[in-house]
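The values are calculated or read from the model by the stated rules, or taken from the named source; none is laboratory data. On a predicted model such as this, the values are computed, not experimentally measured, just so you know. Cβ placement follows ideal geometry from the backbone for every residue including glycine, while neighbour counts extend to all protein chains displayed. Protein only, heavy atoms only, side chains kept; ligands, DNA and RNA dropped before computing areas. Shrake-Rupley method; radii C 1.70, N 1.55, O 1.52, S 1.80 Å.
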Amino acid sequence: DGEPTYVSMKATHLADRNDPHIVIGVNNIDAQMKRQLEYDAAKAQNMTYARIAQALSKDYYSIYMVNTENDEYVEYASTSDYQDLHVQQSGKDFFRECRENIMRLVHKEDREMALAVWDKTKLMPELENGKTFSSTYRLMMDGVPVYINCKVIRMEGAEEKKYIVIGVSNVDAQMRRERELNIAREKANRDALTGVKSKHAYDEVILDMNEKIQSGTIEPFAVAVCDVNGLKQINDTKGHQFGDKLIRDASHIICETFKHSPVFRIGGDEFVAIMMHSDYEKREELIRSMAEKNGENKDYGGVIIACGYSDWDPGHDERYEDVFERADASMYVNKESLKN
């Protein structure tokens with residue numbers, strides 16, 4: 001009927017070898033052959049997975065294969081460290097058993113996140129269209145929190161699509177290095193005396209803004225340059241401790257004025273605020289408020305801050321420094337005015 005069917009044919013002579021006839025028997029072995037082919041394919045597939053798992057075992061704590069139709073799972077490889085956690089190597093309900101292990105093994109601060117990761121109703125949509133899913137959290141190993149990463153992929157193919165493969169890897173050293181780098185970067189980008197952004201952070205922002213100016217993707221902005229009046233006199237007459245307090249007081253006023261702008265300390269008594277968005281729209285009002293604060297502080301000997309600003313002119317300014325130089329010149333005019 002147009003369908004390929006496996007048959008076995010056997011031919012033999014009759015008992016009398018002088019008889020010119022042979023007997024041929026034809027047997028339908030289609031079902032038997034297809035079962036054998038399926039078995040051979042499954043065996044080859046399992047051997048392939050086992051070899052892959054073995055090859056990857058040096059990079060992974062453990063590798064799991066999960067049938068998402070019935071939630072049965074098997075562990076293909078695991079390290080001795082991971083085996084010490086006494087996690088099941090196979091079972092019939094991966095997601096339920098996974099949640100139980102989370103409550104037993106995951107750091108208490110990461111449990112809620114891990115439970116959300118291994119929610120099947122949320123995980124499976126993440127794996128559609130060839131996507132992979134990855135999550136990092138901490139396992140408690142011998143009482144010590146260790147960062148692990150779980151990477152989940154969905155297999156391809158009509159029959160294989162029901163399977164997901166999960167690789168669990170130790171990323172503790174990497175995560176701790178990244179944390180140390182982030183702390184170091186934060187220290188480099190933060191001014192130790194005032195807590196505002198540092199000169200290092202300012203230089204990085206200038207590079208980024210100049211790239212955006214060149215590419216035409218910069219948003220309108222203005223630069224305010226602020227300078228603390230009388231710092232040298234305070235340092236000379238009262239000492240640097242009083243001078244540091246003067247700088248901190250000035251920093252507080254500048255940050256309160258430019259609440260929605262990044263503020264940088266770029267020198268001993270010099271600050272810069274880069275105004276964008278809402279602060280840019282209210283820039284003249286903000287500069288007036290700085291002048292009003294100076295008037296209030298003058299009456300009772302508070303900190304006086306010279307301030308000048310300039311807008312970015314898209315038809316004229318080719319780089320950030322053009323705007324800064326005008327703002328800096330404006331600040332010096334204001335500084336002389338305040339002295340007089």
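Quick notes on this structure:
- In this entry, Tyr163 passes the filter for residues that are open to solvent by 40 Å² or more (accessible area, probe 1.4 Å) and not basic (Lys, Arg).
- Where helices (runs of 4 or more DSSP H) fall entirely within the stretch 71-154, those with at least 2 residues that are without any contact (Cβ under 8 Å) to a residue 40 or more places away in the chain and closer than 23 Å to Arg177 by Cβ are at 111-117.
- Qualifying residue in the stretch 275-291 (condition: in contact with a Lys or Arg (Cβ under 8 Å, 6 or more places away or on another chain) and within 20 Å of Val228 (Cβ to Cβ)): yes
- Flag for Lys335 being basic (Lys, Arg), modelled with pLDDT under 95 and over 30 Å from Gly216 (Cα atoms): yes
- For the stretch 138-158, a residue qualifies if it is farther than 17 Å from Asn101 by Cβ, over 21 Å from the mean Cα position of the chain (by Cα) and surrounded by 11 or more Cβ atoms within 10 Å (Cβ to Cβ), and the qualifying residues are Arg154, Met155.
- Options Glu219, Glu186, Glu204, Glu211: the member that is under 24 Å from Met275 (Cα atoms), part of a helix (DSSP H, G or I) and in contact (Cβ under 8 Å) with a residue 12 or more places away in the chain: Glu204
- So Glu178, is it open to solvent by 90 Å² or more (accessible area, probe 1.4 Å), acidic (Asp, Glu) and within 21 Å of the chain's Cα centre (by Cα): no
- Residues of the stretch 123-137 that are more than 19 Å from Tyr73 (Cα to Cα) and open to solvent by less than 40 Å² (accessible area, probe 1.4 Å): Ser135, Tyr137.
- Selected residue (criterion: modelled with the lowest pLDDT) from residues of the stretch 5-26 that are part of a loop (DSSP other than H, G, I, E, B) and not hydrophobic (A, V, I, L, M, F, W, C): Arg17
- Hey, Asn334 in contact with a strand residue (DSSP E or B) (Cβ under 6 Å, 6 or more places away or on another chain) and either among the aromatic types (Phe, Trp, Tyr) or without any contact (Cβ under 8 Å) to a residue 60 or more places away in the chain (or both) or not: yes
- Within the set Lys92, Lys120, the sole residue that is modelled with pLDDT of 90 or more, open to solvent by 50 Å² or more (accessible area, probe 1.4 Å) and more than 27 Å from the chain's Cα centre (by Cα) turns out to be Lys92.
- Members of the stretch 27-71 found to be of a type outside the set (S, T, N, Q), at pLDDT 80 or above, surrounded by 11 or more Cβ atoms within 10 Å (Cβ to Cβ) and out of contact with any strand residue (DSSP E or B) (no Cβ under 7 Å at 6 or more places or on another chain), listed by number: Asp30, Met33, Lys34, Asp71
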